[in-house]
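Below is one structure, written out as structure tokens; comments come after it.
The values are calculated or read from the model by the stated rules, or taken from the named source; none is laboratory data. Note that the structure is predicted; figures quoted are calculated from it, not measured. Cβ atoms come from the backbone with ideal geometry, glycine included; neighbour counts cover every protein chain shown.
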Amino acid sequence: MKKTTKNLPIFMIFFSVLLALTVFLDVLKTDDGDIIMDGLKAIFGGEVASIGSFASVVVSFSLMNFIAFFLPVILAILLFVLGGKRKKGEPINILLGLLLSASFVFSIVIINNLGMHTTGSVSVGSIGTNYNYEGSKLAIGSIFALVFSAGGILGSLFYSFDQLR
């Protein structure tokens, strides 16, 4: 059991890195199954479509999407670095474990509503309007991200409660 709890930070890094890598997969699709965009475009934005200089569809940068995909990696590495130097049961270990759990929960909530947090603008000539992808469905990358977040929650909660023993 002791060896398992020593390896928990590595498992949490594993789940958080897998979560971050899902940005390279498709995350949003239409009702018909046509892919709308991958995670990089949902986070950092960019042009989705254009008809010359006449019309264009551009996705904006989304801080919420960025935090959902990358905050768990940052906190897992922090937990690994700081937690490895401290004794079991120190408050910082418990706090980092709970913060990591909270970041994975946050990721599940945001990724489950990814279309609502992904915004863009359409411009035709000089007329433009803003919109979001609220009606879109989750693609395979989002589903994997939800699974990896759930694994991260379990691992980080187990780590936090193990610190209390």
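Results for (1) touching a strand residue (DSSP E or B) at 6+ places or on another chain (Cβ under 8 Å); (2) within 20 Å of ILE153 (Cβ to Cβ), shown as yes or no for each residue.
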{"position": "VAL27", "(1), (2)": "yes, yes"}
{"position": "ALA42", "(1), (2)": "yes, no"}
{"position": "ALA49", "(1), (2)": "yes, no"}
{"position": "VAL57", "(1), (2)": "yes, no"}
{"position": "PHE61", "(1), (2)": "no, no"}
{"position": "LEU96", "(1), (2)": "no, yes"}
{"position": "LEU100", "(1), (2)": "no, yes"}
{"position": "ILE108", "(1), (2)": "no, yes"}
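Looking at (1) more than 18 Å from the chain's Cα centre (by Cα); (2) modelled with pLDDT of 90 or more, which one does PHE144 not meet, given that it meets all the others?
It fails just one condition, (1).
If the Cβ limit is 8 Å and pairs must be 6+ apart or interchain, which residue in segment 14-30 that is within 16 Å of LEU40 (Cβ to Cβ) pairs with which residue that is part of a helix (DSSP H, G or I) and among the hydroxyl-bearing types (Ser, Thr, Tyr)?
LEU19/SER107; LEU19/SER149; THR22/SER142; VAL27/SER142; LEU28/SER142
Can you name the residue in segment 154-165 that is part of a helix (DSSP H, G or I) and surrounded by fewer than 21 Cβ atoms within 10 Å (Cβ to Cβ) and is also nearest to the chain's Cα centre (by Cα) among such residues?
Going through the qualifying residues, I end up with LEU154.
Could you please find all residues in segment 124-143 being surrounded by 15 or more Cβ atoms within 10 Å (Cβ to Cβ) and over 23 Å from SER156 (Cα atoms)?
ASN132, TYR133, SER136, LYS137, LEU138, ALA139 - these are the residues of segment 124-143 that are surrounded by 15 or more Cβ atoms within 10 Å (Cβ to Cβ) and over 23 Å from SER156 (Cα atoms).
Among the numbered criteria (1) among the hydrophobic types (A, V, I, L, M, F, W, C); (2) more than 13 Å from the chain's Cα centre (by Cα); (3) closer than 27 Å to ARG165 by Cβ, which single criterion is violated by VAL59?
For VAL59, the failing item is (3).
Go through the residues of segment 84-94 one by one and say whether even a single one is surrounded by 20 or more Cβ atoms within 10 Å (Cβ to Cβ), modelled with pLDDT under 90 and over 16 Å from the mean Cα position of the chain (by Cα).
yes
Can you find even one residue in segment 5-13 that is surrounded by 16 or more Cβ atoms within 10 Å (Cβ to Cβ), assigned to a helix (DSSP H, G or I) and in contact with a Pro (Cβ under 9 Å, 6 or more places away or on another chain)?
Yes: one or more hits.
Just wondering, is there one or more residues in segment 56-70 that are at pLDDT below 90 and either out of contact with any Cys (no Cβ under 7 Å at 6 or more places or on another chain) or on the phi > 0 side of the Ramachandran plot (or both)?
Within segment 56-70, one or more residues are at pLDDT below 90 and either out of contact with any Cys (no Cβ under 7 Å at 6 or more places or on another chain) or on the phi > 0 side of the Ramachandran plot (or both).
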